[in-house]
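Since the structure comes first, as structure tokens, the remarks are kept for the end.
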Amino acid sequence: MSQALVETGHNSSGEVRRACWQLFTLTLRRQLLSRQTLVCLALTVVVGAIVLAWTFPESRTAKKLAEQVLIPTYVAFLMPIFAISYGAAAIGGEREDQTLIYLLMTPLPRALAYGVKALATLVLVWGWSIVSLGSFCLLAGNSGRELFPLFLPGALLGGTAYAMLFMLIGTLFRYGTMISLAYWFFLEVLFGAMPGIVKRVTVSYYVKCLVFDAGSEIPLGPRGRVQREMFLAVSGETAMTVMIAAAVGFILLGATIFHQREFSELG
């Protein structure tokens, strides 16, 4: 009797692993072969052209490349776009395509299904972050190669926090992509430009703090004495802790909501 129970448990765990893997690969494939990927590719090419054009003349320094190109185009624009494209669509896309009902009918617990889709989303966001940042740094030559290790931790952590936030928004609201874009424009862009501690509610603030801390030897930082005084940067360790805590909080909250919500609008 006990041996039969053990075998049943092994079979059940094996079925769960297979179901998780199938959901993971299906999410990766559907997200990658979507219009979001075309948008990400087009914007990456545009920013790459900007980086390439900026590199002339060759005398421009890594500090100028970071402050004038990578921070305003990559950190403040491209990174959140990657996260919106895949994060908001992870659950929101299923609802819009009217396939969410099939996900809810799977034998996987809802919280586990949410976690699997979150992992697939992060793989895509991390992939785009690494490939795009690496491409820009290669295009920029020696200055760019110097900046790659300084920007990479912020790119991965910032992309993680953004993706989990936008996935949460896509779970909460029917038109998650539009609401995520509105959040990014009104909170990230407008609040990020305000002086004082207001900007600390934005993810981009902590990404910049992490980049500035990593590039302190160059030195990287806000341009101009007045901007540095208004920015009120925190340490890189604090910025890293906040982004990790935020990402974990977003995914736990999203999994809880997804587990409990009825999604009555599907009917």
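The values are calculated or read from the model by the stated rules, or taken from the named source; none is laboratory data. These figures come from a predicted structure and were not determined experimentally. Don't worry about glycine lacking a Cβ; one is built from the backbone with ideal geometry, like all the others, and counts go over all protein chains shown.
Just so you know, in the range 41-76 the residues that are among the polar types (S, T, N, Q) and under 24 Å from Thr202 (Cβ atoms) include one that is modelled with the highest pLDDT, and it is Thr44.
Taking (1) surrounded by 18 or more Cβ atoms within 10 Å (Cβ to Cβ); (2) touching a residue at least 40 places away in the same chain (Cβ under 8 Å) in turn, Cys137 satisfies each apart from (2). Residues in the range 214-243 that are part of a loop (DSSP other than H, G, I, E, B) and of a type in the set (Ser, Thr, Tyr) were compared, and the one that is modelled with the lowest pLDDT is Ser216. For beta carbons closer than 7 Å, sequence separation of 6+ or different chains, a first residue in the range 179-208 that is aromatic (Phe, Trp, Tyr) and a second that is surrounded by fewer than 15 Cβ atoms within 10 Å (Cβ to Cβ), the qualifying pairs are Phe191/Val198; Phe191/Val201. Somewhere in the range 168-184, is a residue closer than 20 Å to Val234 by Cβ, at pLDDT below 85 and outside any helix (DSSP H, G or I)? No, that holds for no residue.
When the residues of the range 174-201 are filtered to those that are of a type in the set (Phe, Trp, Tyr) and surrounded by fewer than 16 Cβ atoms within 10 Å (Cβ to Cβ), which remaining residue is farthest from Gly254 (Cα to Cα)? Let's see the steps before the verdict.
First, the residues of the range 174-201 that are of a type in the set (Phe, Trp, Tyr): 175, 183-186, 191.
Imposing the further condition that a residue be surrounded by fewer than 16 Cβ atoms within 10 Å (Cβ to Cβ) reduces the set to 175, 185-186, 191.
Numbers: Tyr175: 16, Phe185: 22, Phe186: 22, Phe191: 24 Å.
In this case the residue turns out to be Phe191.
Please indicate, with yes or no, whether at least one residue in the range 35-45 is small (Gly, Ala, Ser), farther than 30 Å from Glu217 by Cβ and touching a residue at least 24 places away in the same chain (Cβ under 8 Å). Looking for residues that are small (Gly, Ala, Ser), farther than 30 Å from Glu217 by Cβ and touching a residue at least 24 places away in the same chain (Cβ under 8 Å), one finds none in the range 35-45, hence no. Restricting to the range 77-110, and then to whatever is at pLDDT 90 or above and among the aliphatic types (A, V, I, L, M), can you tell me which residue is nearest to Thr160 (Cα to Cα)? Step by step, filter the range 77-110, then rank; the result is Ala83.
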